[in-house]
Amino acid sequence: MKRGGGVSGAVSLVMIFCVLCLAVFAVLTIATAKREADLAEMTARSASEYYEADTLATAIAAALRDGLPLPADNVEITSTVGPEGKTAAFTVPMGENQGLEVELLLGGDGTLTVRRWQTVYTGLWEPDDTMIVWDGE
């Protein structure tokens, strides 16, 4: 009786391939979970910074409306007087490269109209010219 060893060798190769695939998938899963945790942390920090700036901007707007002292010393307020009334504008810093820009129209009767309440990038923009682009020649 002849015994063939070809089947057990093929099964071993398939088993080794499956174990390698599972190991690669496990490493990819761990790497993805780390990136997702970092992204969640960055999003939470960004939201926290926005709501802190929003709270301060709301307090400044209320102080301007009521004629009270400003709750922040590090915020510069520029005001102009136009035909519609007095306009006050300021930027509350949030994080390293962002700010909350606010522009308010203060009416003479104590009303306050929000003209702009917007998050803006305040960092210096530097173009990336390291990539060589074909100029047509």
| task | May I ask you to give the solvent-accessible area per residue for the stretch 1-119, in square angstrom, as obtained with a 1.4 angstrom probe? | result | 73 Å²
| note | At R0 = 30 Å the Cβ-Cβ FRET efficiency linking GLU76 and THR130, nearest 0.05, sits at 0.25
| request: Calculate one ³J(HN,Hα) per residue across the stretch 129-137 by plugging θ = phi - 60° into the Karplus curve 6.51 cos²θ - 1.76 cosθ + 1.60, and present them in order as whole Hz with x for glycine and proline. | output: 10, 7, 7, 7, 10, 5, 9, x, 9
| query | Taking amide H positions as placed 1.01 Å from N in the peptide plane, with prolines and chain starts having none, which residues 5 or more places from ILE77, or on another chain, fall under 5 Å of its amide H? | reply | none
| query | Given DSSP loops and a limit of at most 16 other Cβ atoms within 10 Å, what is the longest stretch of the chain that contains no such trypsin sites (Lys or Arg not before Pro)? | reply | 4-137
| query | Of all the accessible heavy-atom surface of the chain, with the other protein chains kept in place and a 1.4 Å probe, what percent is carbon and sulfur? | reply | 61 percent
| field | Nonlocal amide H pairs with THR122, under 5 Å, H built at 1.01 Å | value | GLN98, GLY99
| Please identify the GluC sites (Glu not before Pro) of the stretch 58-129 that satisfy two criteria: DSSP loop assignment and at most 14 other Cβ atoms within 10 Å. Which are they? | GLU76, GLU84, GLU96
| Relative contact order %, the stretch 1-100, counting alpha carbon pairs below 8 Å whose residues are six or more apart | 20 percent
| remark: The answer for the net charge of residues other than THR29 whose Cβ lies under 12 angstrom from its Cβ, with Lys and Arg +1 and Asp and Glu -1, is +1
| request: For every helix of n ≥ 4 consecutive DSSP H residues, a contribution of -39,500 (n - 2.57) applies; sum these over the chain, divide by its total residues, and give [θ] at 222 nm rounded to the nearest 500 deg cm²/dmol. | output: -17000 deg cm²/dmol
| Roughly how tilted is helix 6-66, in degrees to the nearest 10 and between 0 and 90, from the longest Cα axis of the chain? | 0 degrees
| said: Using a 1.4 Å probe on the protein heavy atoms only, what accessible surface does TRP117 show? Give it in Å² to the nearest 10. | reply: 80 Å²
| For the pair PHE17 and ARG116, how long in nm is the line joining their label points, each one 7 Å along Cα→Cβ? | 6.2 nm
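The values are calculated or read from the model by the stated rules, or taken from the named source; none is laboratory data. Note that the structure is a prediction, hence the values are computed from the model and not measured. Methodologically, a virtual Cβ is constructed for each residue, glycine included, from the backbone with ideal geometry; neighbour enumeration extends over all protein chains shown. Note: accessible area is taken over every heavy atom of the protein model, side chains too, but ligands, DNA and RNA are not part of it. Shrake-Rupley method; radii C 1.70, N 1.55, O 1.52, S 1.80 Å.
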